[in-house]
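*Asks:* Can you read through this structure? Questions will come right after.
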Amino acid sequence: MLTSLLVAIALQGQPQIATEAPGIVAALTQETVEIREDFDGAELVLYGATRGLTIRDEIVVVLRGPGRDLRVMQKRRTFGIWINAAPLEFDDVPSYYAIATSLPLDTIAGPDELARSGVGLQAMLEANAAAMAPSWLLSASTLPAETADVLQPAAVADDHDVPALIRRDEVADYLAAIARSGRRDNTFAEAQRGVEILDGGLFRATIALPPLTPVGNYVAEVYLFRDGRPIASRSASLRVEKAGIERFFFEFAHDLPALYGLFCVLMAMLAGYLANLAFNRR
Amino acid sequence: MQIYLPIAEISVNIFLLLGLGLGVGFLSGMFGVGGGFLMTPLLIFIGVPPAVAVSTGANQIVASSMSGVFPHWRRKTLDIKMGLLLLIGGSAGSIAGVQLFALLRGLGQIDLIISLSYVGFLGVVGGLMMVESVRSILRAANPEKAGSKRPLRRRGWISRLPFKMRFPTSGLYISVLPPLAIGLFVGTLVAIMGVAGGFIMVPAMIYMLRMPTSVVVGTSLFQILFVTALTTFLQAAQNQTVDILLALLLTVGGVIGAQFGARAGRNVKAEELRALLAALVLAVCLKMGWDLVVTPSDLFVILPRGAGEGF
């Protein structure tokens, strides 16, 4: 009787697991990261569970920092010295972008699918540039070859200084420069792995926060890819903030700038006076 | 041991900062200069954003000139009247310089202007100082050849300027315009280059205003103290680029280094000391000039673009 019941439950349960819609949940081990005076980077751990994980499934975790507006300039040699020229402005570029995957990203999904879902550094940057001036990147392939070379940036607000004409391949150079600069200070990171699949559909992702981690609101997005397509996703939020004495001085400097300036001057004068007392007394 | 700087927003080794203060303080104590022309480029080199390096440099000079001005105050080797005139000019220069700084930063050209100013001023001052000190070393080596001391030239056009005023401490009766102009010029340099400008003001006071050498250094320190204090205040209020933690760490190293430097300096002949300083100034000039000319490792620069200020 009991065994038959168990068998019935087991039989009932078996097909249910297989047909269940795939899903994913995730949580960060901490919701805030504090930057104190001894901050030298941190390691962030994200735990998650999947429902209906199969052998064809892979997991991608993206951590995206607060957006900031950038001006990218190209150095040009003028009268023998290198001068910043040809500025191009980008809005809302993530100040931090890290990606952790259960397999190398290019084996999880093809470039077209990554571009469509905006996953990956390259796809993210191109989506950003396309949002600013769609003609730079998107329409180029549909235009005749001669006009595709030189394009007028159309959808750019008036307050952005842009050169009159931008070559499409030049925009790619600017995007590559943003990516290089982020990789240099480790605020952009594409780990080839970083997601560890544990037993029972559980997984764990570790993401490194570098010493130059920007403060602000972060979003962690977790994707479940099946056969190269995202089939489920979840997001969790994270806040990176200054704490302790760092926070005190930062807020002091930004909220009460005049008083802070006065404070800096008085502290320096006091330090100089004390130095005089200590060393110049004869 | 790393320390995170709240305004510069970078993590730096605390001993590196103390050592930097100690080293620059040693040289500034030895040569009797502010050392800003060394400190600001070194801070930029270790990764402090140029805007923060320049403003924090000014804050640190407040501390070092404060400790330097006291002995002159006690010995009365300080022309307060002249100092106040230089200060009026300097304040106007500082205000203009802070505006210019913000404008250039908005255009993405502040690094270039800082570098060009350094190359230009350090090249000229270092070159002149080198020529002068090598001449005095040679003169000291064969004294019979150096018999003809040049007669003191008249002030020329400066003595013909209007608005004359008496300066009892310096024993001068000259127009107020040259001190105002010198102050204005040096005040602008404080804001743009993060230097005290002593290396320009001291020669200008000796050779242009013909002030007695005994009061020049004290008066220069007096003016520097207040102009850098004003610059610190303005940069903090307008650009939020003064890092108090960085300034204090540099100051701790700086005041101690300056004491040892001053002691070491007493064992070296004055003209040799000047030649060494000139070599140091020229070395910084060449390094910055080289960086402008050599092909950079990355041909693109990423500049943050903030609300209104371009920071």
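The values are calculated or read from the model by the stated rules, or taken from the named source; none is laboratory data. This is a predicted model, so every value here is computed, not measured. Neighbour counts are summed over all protein chains in view; Cβ atoms, including those assigned to glycine, are modelled from backbone coordinates with ideal geometry. When the accessible area is computed, the model is the full protein with side chains, heavy atoms only, and any ligands, DNA or RNA have been set aside. Shrake-Rupley method; radii C 1.70, N 1.55, O 1.52, S 1.80 Å.
*Asks:* Does any residue of region A:227-234 turn out to be open to solvent by 40 Å² or more (accessible area, probe 1.4 Å), within 9 Å of chain B (Cβ to nearest Cβ) and not in a strand (DSSP E or B)?
*Replies:* Of region A:227-234, the ones open to solvent by 40 Å² or more (accessible area, probe 1.4 Å) are A:227, A:229-231, A:233-234.
Those still in the list that are within 9 Å of chain B (Cβ to nearest Cβ) too: none.
No, the conditions are met nowhere in region A:227-234.
*Asks:* Listed residues A:Asp69, A:Asp57; which is charged (D, E, K, R), touching a Phe, Trp or Tyr at 6+ places or on another chain (Cβ under 9 Å) and at the interface with another protein chain (Cβ under 7 Å from one of its Cβ atoms)?
*Replies:* Numbers: A:Asp57 fails: at the interface with another protein chain (Cβ under 7 Å from one of its Cβ atoms).
Being charged (D, E, K, R), touching a Phe, Trp or Tyr at 6+ places or on another chain (Cβ under 9 Å) and at the interface with another protein chain (Cβ under 7 Å from one of its Cβ atoms) holds for just one of A:Asp69, A:Asp57, which is A:Asp69.
*Asks:* A further question on this structure: In region B:50-80, what residues are buried (at least 24 other Cβ atoms within 10 Å of the Cβ) and not hydrophobic (A, V, I, L, M, F, W, C)?
*Replies:* Of everything in region B:50-80, those that are buried (at least 24 other Cβ atoms within 10 Å of the Cβ) and not hydrophobic (A, V, I, L, M, F, W, C) turn out to be B:Ser55, B:Thr56, B:Gly57, B:Asn59, B:Gln60, B:Ser64, B:Ser65, B:Ser67, B:Gly68, B:Asp79.
*Asks:* Scan region B:50-99 residue by residue and report those that are assigned to a helix (DSSP H, G or I) and of a type in the set (S, T, N, Q).
*Replies:* Result: B:Ser55, B:Thr56, B:Asn59, B:Gln60, B:Ser64, B:Ser65, B:Ser67, B:Ser91, B:Ser94, B:Gln99.
*Asks:* Same structure, new question: Just checking: which of the helices (runs of 4 or more DSSP H) contained wholly in region B:163-245 hold 3 or more residues that are away from every other protein chain (no Cβ under 13 Å), within 19 Å of A:Met267 (Cα to Cα) and at pLDDT below 85? Talk me through it step by step, then tell me what you get.
*Replies:* Values: elements: B:177-193, B:198-203, B:213-234.
In region B:163-245, no matching helices (runs of 4 or more DSSP H) lie anywhere.
*Asks:* Examine region A:254-267 for a residue that is open to solvent by less than 30 Å² (accessible area, probe 1.4 Å), at the interface with another protein chain (Cβ under 7 Å from one of its Cβ atoms) and of a type in the set (A, V, I, L, M, F, W, C), and state whether such a residue exists.
*Replies:* Yes, that holds for at least one residue.
Condition check ((1) open to solvent by less than 30 Å² (accessible area, probe 1.4 Å); (2) at pLDDT 85 or above; (3) in a strand (DSSP E or B); (4) in the same structural domain as A:Glu221 (by TED's automatic domain parsing)) across all residues:
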| site | (1), (2), (3), (4) |
| --- | --- |
| A:Asp40 | no, no, no, yes |
| A:Gly48 | yes, yes, yes, yes |
| A:Leu63 | yes, yes, yes, yes |
| A:Asp69 | no, yes, yes, yes |
| A:Met73 | yes, yes, yes, yes |
| A:Trp82 | no, yes, yes, yes |
| A:Ala86 | yes, no, yes, yes |
| A:Ala100 | yes, yes, yes, yes |
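*Asks:* Of everything in region A:195-219, what is of a type in the set (Asp, Glu) and in contact with a strand residue (DSSP E or B) (Cβ under 6 Å, 6 or more places away or on another chain)? Give them in sequence order.
*Replies:* A:Glu196, the sole residue that qualifies.
*Asks:* I'd like the full set of residues that are assigned to a helix (DSSP H, G or I) and of a type in the set (A, V, I, L, M), limited to region A:235-267.
*Replies:* Matches in region A:235-267: A:Ile245, A:Ala253, A:Ala258, A:Leu259, A:Leu262, A:Val265, A:Leu266, A:Met267.
*Asks:* Within region B:171-195, can you find the residues that are over 12 Å from B:Leu87 (Cα atoms), open to solvent by less than 10 Å² (accessible area, probe 1.4 Å) and small (Gly, Ala, Ser)?
*Replies:* B:Ser175, B:Ala191, B:Gly194
*Asks:* Here are some conditions: (1) open to solvent by 70 Å² or more (accessible area, probe 1.4 Å); (2) within 10 Å of chain B (Cβ to nearest Cβ). A:Ile197 meets all but one. Which one does it not meet?
*Replies:* The single condition A:Ile197 does not satisfy is (2).
*Asks:* If you scan region B:1-35, which residues turn out to be open to solvent by less than 30 Å² (accessible area, probe 1.4 Å) and within 22 Å of the chain's Cα centre (by Cα)?
*Replies:* B:Ala8, B:Leu17, B:Leu20, B:Gly21, B:Val24, B:Gly25, B:Ser28, B:Gly29, B:Gly35
*Asks:* Please work out which one of (1) among the small types (Gly, Ala, Ser); (2) open to solvent by 20 Å² or more (accessible area, probe 1.4 Å); (3) assigned to a helix (DSSP H, G or I); (4) more than 25 Å from B:Ala181 (Cα to Cα) is the condition B:Gly47 fails and give its number.
*Replies:* (3)
*Asks:* Can you pull out every residue in region B:272-295 that is in contact (Cβ under 8 Å) with a residue 60 or more places away in the chain and open to solvent by 40 Å² or more (accessible area, probe 1.4 Å)?
*Replies:* Scanning region B:272-295 gives B:Glu272, B:Arg274, B:Leu276, B:Ala279, B:Leu280, B:Leu282, B:Lys287, B:Asp291.
*Asks:* Further, regarding this structure: Filter region B:86-119 down to the residues that are modelled with pLDDT under 90, among the small types (Gly, Ala, Ser) and surrounded by fewer than 19 Cβ atoms within 10 Å (Cβ to Cβ), then identify the one that is nearest to the chain's Cα centre (by Cα).
*Replies:* It comes out as B:Ser117.
*Asks:* So, A:Ala278, is that one open to solvent by less than 50 Å² (accessible area, probe 1.4 Å) and either assigned to a loop (DSSP other than H, G, I, E, B) or among the hydrophobic types (A, V, I, L, M, F, W, C) (or both) or not?
*Replies:* no
*Asks:* If you don't mind, there's one more thing I want to ask. What residue, of B:Lys287, B:Lys269, is over 26 Å from B:Val119 (Cβ atoms) and not acidic (Asp, Glu)?
*Replies:* On the way: B:Lys287 fails: over 26 Å from B:Val119 (Cβ atoms).
Criteria check complete, one pass: B:Lys269.
*Asks:* Restricting to region A:177-189, what's the tally of residues that are open to solvent by 40 Å² or more (accessible area, probe 1.4 Å) and closer than 17 Å to A:Glu89 by Cβ?
*Replies:* Total meeting the criteria: 0.
*Asks:* Examine region A:10-25 for a residue that is assigned by TED's automatic domain parsing to the domain that holds A:Gly228 and at pLDDT 85 or above, and state whether such a residue exists.
*Replies:* The answer is yes; a qualifying residue exists.
*Asks:* Of the residues A:Ala179, A:Ala205, which is on the phi < 0 side of the Ramachandran plot and either within 12 Å of chain B (Cβ to nearest Cβ) or out of contact with any Leu (no Cβ under 7 Å at 6 or more places or on another chain) (or both)?
*Replies:* A:Ala179
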